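A.B. asks: Got a structure here, written out as structure tokens. Questions coming.
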Amino acid sequence: MAANATTRTPEEVTALSEVRMARQAVLTRPEGPLKFWAVIHEAVLHQRFAVRPDTMREQLRRLLDVAELPNVTIQIMPLAATPHPGGAGGFNLVGFPGPMPAVALLENLIGATYVEGVDEVQVFADAFERIVAAALPVDDSMALVSRMEEESRR
């Protein structure tokens, strides 16, 4: 987070990190965990950080643990994937119960942008379907993450 928060103070980076960690609690909350579906590009799983070399091993282990939750789906986009709209940049789709429409969230170096129009959000929903189709199936994805986590311990 610190690498991307170029305009933030160290205190702001810490606060943002704490918010992101707290957001993960919605995956296991007793009153009804939220559904979460992520497609992660394989390239980011190969990244290593000189200042903290164990970071990626911990991240891989966390992915494997979270993927066991019944409300979580994780897929890996392989390096040799077919062309897909994910190359245009990452985004989050957020759906709400009831009459509230879904939104798309685009995070960037200066903050976040929300896409709220029904037609505009549908563009992102359609893109997500194509991204999911191009990614590895869930079982193959978790097998890849598991192999990478084992290799990182060597």
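The values are calculated or read from the model by the stated rules, or taken from the named source; none is laboratory data. Note that the coordinates shown come from a computational prediction; the quantities given were computed from them, not determined experimentally. Reconstructed Cβ throughout: ideal geometry from the backbone, glycine too, with neighbour counts over all protein chains shown. Side chains are part of the model used for accessible areas, which takes the heavy atoms of the whole protein and leaves out ligands, DNA and RNA. Shrake-Rupley method; radii C 1.70, N 1.55, O 1.52, S 1.80 Å.
A.B. asks: Can you confirm whether the stretch 59-75 contains a residue that is in contact with a Pro (Cβ under 9 Å, 6 or more places away or on another chain), farther than 27 Å from Y114 by Cβ and exposed (fewer than 14 other Cβ atoms within 10 Å of the Cβ)? Talk me through it step by step, then tell me what you get.
C.D. replies: First pass over the stretch 59-75, keeping only residues in contact with a Pro (Cβ under 9 Å, 6 or more places away or on another chain): 69-72, 75.
If we keep only those that are farther than 27 Å from Y114 by Cβ too, we end up with 70.
Now narrow it down to the ones that are exposed (fewer than 14 other Cβ atoms within 10 Å of the Cβ): 70.
Yes, because at least one residue in the stretch 59-75 is in contact with a Pro (Cβ under 9 Å, 6 or more places away or on another chain), farther than 27 Å from Y114 by Cβ and exposed (fewer than 14 other Cβ atoms within 10 Å of the Cβ).
A.B. asks: Does any residue of the stretch 106-113 turn out to be among the acidic types (D, E), over 14 Å from the mean Cα position of the chain (by Cα) and open to solvent by 80 Å² or more (accessible area, probe 1.4 Å)?
C.D. replies: Narrowing the stretch 106-113 to residues among the acidic types (D, E): 107.
Now drop any that are not over 14 Å from the mean Cα position of the chain (by Cα), which leaves none.
Checked against the condition, which is being among the acidic types (D, E), over 14 Å from the mean Cα position of the chain (by Cα) and open to solvent by 80 Å² or more (accessible area, probe 1.4 Å), the stretch 106-113 yields no hits at all.
A.B. asks: What is the one condition in (1) within 27 Å of G117 (Cβ to Cβ); (2) surrounded by 12 or more Cβ atoms within 10 Å (Cβ to Cβ) that F96 does not satisfy?
C.D. replies: F96 satisfies every listed condition except (2).
A.B. asks: Only residues that are within 14 Å of H41 (Cα to Cα), hydrophobic (A, V, I, L, M, F, W, C) and modelled with pLDDT of 95 or more: list them for the stretch 136-151, please.
C.D. replies: Matches in the stretch 136-151: L136, V138, M142, L144, V145.
A.B. asks: Next question, about the same structure. Which condition does I74 not pass, out of (1) among the hydrophobic types (A, V, I, L, M, F, W, C); (2) closer than 21 Å to Q24 by Cβ; (3) free of Cβ contacts under 8 Å to residues at least 40 places away in the same chain, if it passes all the others?
C.D. replies: Single failed check for I74: (3).
A.B. asks: For the stretch 129-154, enumerate the residues that are in contact with a helix residue (DSSP H, G or I) (Cβ under 9 Å, 6 or more places away or on another chain), farther than 24 Å from D54 by Cα and outside any loop (DSSP other than H, G, I, E, B).
C.D. replies: Matches in the stretch 129-154: R130, I131, A134, V138.
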